[in-house]
Amino acid sequence: MITVTGATGNIGRTLVELLAGAGEKVRAVSRRADPGAGATDGVEWVRADIGAAEGLRSAADGACALFLLLAGELNSRGEDPAVLVGAARDAGVERIVLVSSQAGATRPDAASHARLREFEGAVRSSGLDFTVLRPGGFASNAFAWAETVRTRRTVLAPFGDVALPVVDPADIAAVAAAALREDGHAGRTYELTGPEAVSPRRQTEILAEALGEDVAFVELSRAEAHAHLARFMPEEVVHGTLDILGRPLPEERRISPDVATVLGRPAAPFGAWAARHLPAFR
């Protein structure tokens with residue numbers, strides 16, 4: 001059995017479907033019950049507080065592999081990462097696939113990614129087989145524009161012409177599925193990006209083409225973007241996010257071959273993600 005944390009998110013839901021479709025037994029873990037619980041053969045949906053050792057141990061009990069996504073209680077609070085990883089090991093887990101972040105490596109002094117670096121260290125020293133996934137920016141961050149696109153056919157975003165190779169979360173899920181199911185990925189760190197750098201202005205154009213309608217792009221100042229993000233992000237995360245979006249390092253602009261290497265096909269472009277999720281923008 002494979003335990004998937006963050007099972008209702010952009011990565012986790014697709015990963016559950018991929019694993020179940022491959023015939024794996026899956027325990028899908030989220031903070032709240034999933035409305036589709038029980039709808040897929042081989043999938044057991046459970047609620048658990050994986051920010052506590054006992055919660056993670058219970059969620060991982062009987063699983064040979066664990067997909068660990070640092071969101072919610074894991075990312076912002078909870079016990080020492082070494083204790084949590086140890087709880088998974090005590091539950092019988094032999095393999096962990098951890099979703100970290102590209103910025104955890106490119107910006108090693110950034111406070112916003114300290115927790116990710118702690119988890120990477122705990123996984124690497126656990127004695128278990130492990131694979132670390134370091135995605136760059138997510139194509140799904142464009143969901144933040146959905147309301148204004150629907151209501152005003154407008155995207156509001158900072159740094160309109162700064163291009164980054166955003167990655168489709170479905171590709172992250174596919175790489176995770178390979179690392180959870182196949183040999184040959186132990187001890188590896190994969191940097192996951194899309195196949196091309198694309199700016200917010202260009203993403204807006206792609207959405208407009210898919211919708212068949214004009215969509216205006218309005219560039220926010222850094223201060224305006226900061227005020228917006230501060231409504232739901234901790235201050236250090238806001239600063240770190242805006243630094244990456246506005247002043248990306250050369251390593252953060254680089255297009256990685258790792259998705260193609262693992263999956264044997266090119267990474268999906270932003271347009272493919274937009275086409276699949278177009279109803280959110282109509």
Selection from segment 53-70 of residues in contact with a Ser or Thr (Cβ under 9 Å, 6 or more places away or on another chain) and within 19 Å of GLU118 (Cα to Cα) yields LEU56, LEU66, PHE67, LEU68, LEU69, LEU70
So the check is Cβ under 8 Å with 6+ separation or different chains; which pairs have a first residue in segment 78-97 that's part of a loop (DSSP other than H, G, I, E, B) and a second one that's of a type in the set (S, T, N, Q) and surrounded by 20 or more Cβ atoms within 10 Å (Cβ to Cβ)? VAL93/THR3
Inspect all residues belonging to segment 146-158 and state whether any of them is in a loop (DSSP other than H, G, I, E, B) and either among the basic types (Lys, Arg) or in contact with a Cys (Cβ under 6 Å, 6 or more places away or on another chain) (or both). yes
Residue among ASP171, ASP161 that alone is in contact (Cβ under 8 Å) with a residue 40 or more places away in the chain, touching a helix residue (DSSP H, G or I) at 6+ places or on another chain (Cβ under 9 Å) and in a helix (DSSP H, G or I): ASP171
Pick from segment 244-262, criterion part of a helix (DSSP H, G or I) and open to solvent by 50 Å² or more (accessible area, probe 1.4 Å), ranking: nearest to ARG201 (Cα to Cα): LEU245
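Looking at segment 154-176 only, could you name the residues that are open to solvent by less than 10 Å² (accessible area, probe 1.4 Å) and of a type in the set (A, V, I, L, M)?
Keep residues of segment 154-176 that are open to solvent by less than 10 Å² (accessible area, probe 1.4 Å), which gives 155, 157, 160, 165, 167-169, 171-173, 175-176.
Residues satisfying the conditions are VAL155, ALA157, VAL167, ILE172, ALA173, VAL175, ALA176.
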For THR131, indicate whether it is hydroxyl-bearing (Ser, Thr, Tyr), at pLDDT 95 or above and in contact with a helix residue (DSSP H, G or I) (Cβ under 6 Å, 6 or more places away or on another chain). yes
Of (1) open to solvent by less than 60 Å² (accessible area, probe 1.4 Å); (2) part of a helix (DSSP H, G or I); (3) within 29 Å of PRO250 (Cα to Cα); (4) not polar (S, T, N, Q), TYR190 satisfies every one except (2)
Taking only segment 84-109 into account, find how many residues are open to solvent by 20 Å² or more (accessible area, probe 1.4 Å) and farther than 22 Å from ILE255 by Cα. 6
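Yes/no per residue for (1) of a type outside the set (S, T, N, Q); (2) under 18 Å from ALA173 (Cα atoms); (3) at pLDDT below 95; (4) in contact with a Leu (Cβ under 6 Å, 6 or more places away or on another chain):
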| position | (1), (2), (3), (4) |
| --- | --- |
| MET1 | yes, yes, no, no |
| VAL4 | yes, yes, no, yes |
| THR8 | no, yes, yes, no |
| THR14 | no, yes, no, no |
| GLU24 | yes, yes, no, no |
| ASP41 | yes, no, yes, no |
| ARG47 | yes, no, yes, no |
Would you pick out the residues in segment 140-153 that are free of Cβ contacts under 8 Å to residues at least 60 places away in the same chain and buried (at least 16 other Cβ atoms within 10 Å of the Cβ)? ASN141, THR148
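Have a look at THR241, THR204 and point out the one that is part of a helix (DSSP H, G or I), open to solvent by less than 20 Å² (accessible area, probe 1.4 Å) and of a type in the set (S, T, N, Q).
Working: THR241 fails: open to solvent by less than 20 Å² (accessible area, probe 1.4 Å).
Result: THR204 is the single residue among THR241, THR204 that is part of a helix (DSSP H, G or I), open to solvent by less than 20 Å² (accessible area, probe 1.4 Å) and of a type in the set (S, T, N, Q).
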Residue that is modelled with the lowest pLDDT [pool: residues in segment 207-238 that are farther than 20 Å from ALA146 by Cα and assigned to a helix (DSSP H, G or I)]: GLU236
Can you tell me how many residues in segment 114-137 are under 17 Å from LEU245 (Cα atoms) and surrounded by 24 or more Cβ atoms within 10 Å (Cβ to Cβ)? 2
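The values are calculated or read from the model by the stated rules, or taken from the named source; none is laboratory data. Computed from a predicted model, the values in this text were never measured in an experiment. Reconstructed Cβ throughout: ideal geometry from the backbone, glycine too, with neighbour counts over all protein chains shown. Calculation scope for accessible area: heavy atoms of the full protein, side chains included, ligands and nucleic acids excluded. Shrake-Rupley method; radii C 1.70, N 1.55, O 1.52, S 1.80 Å.
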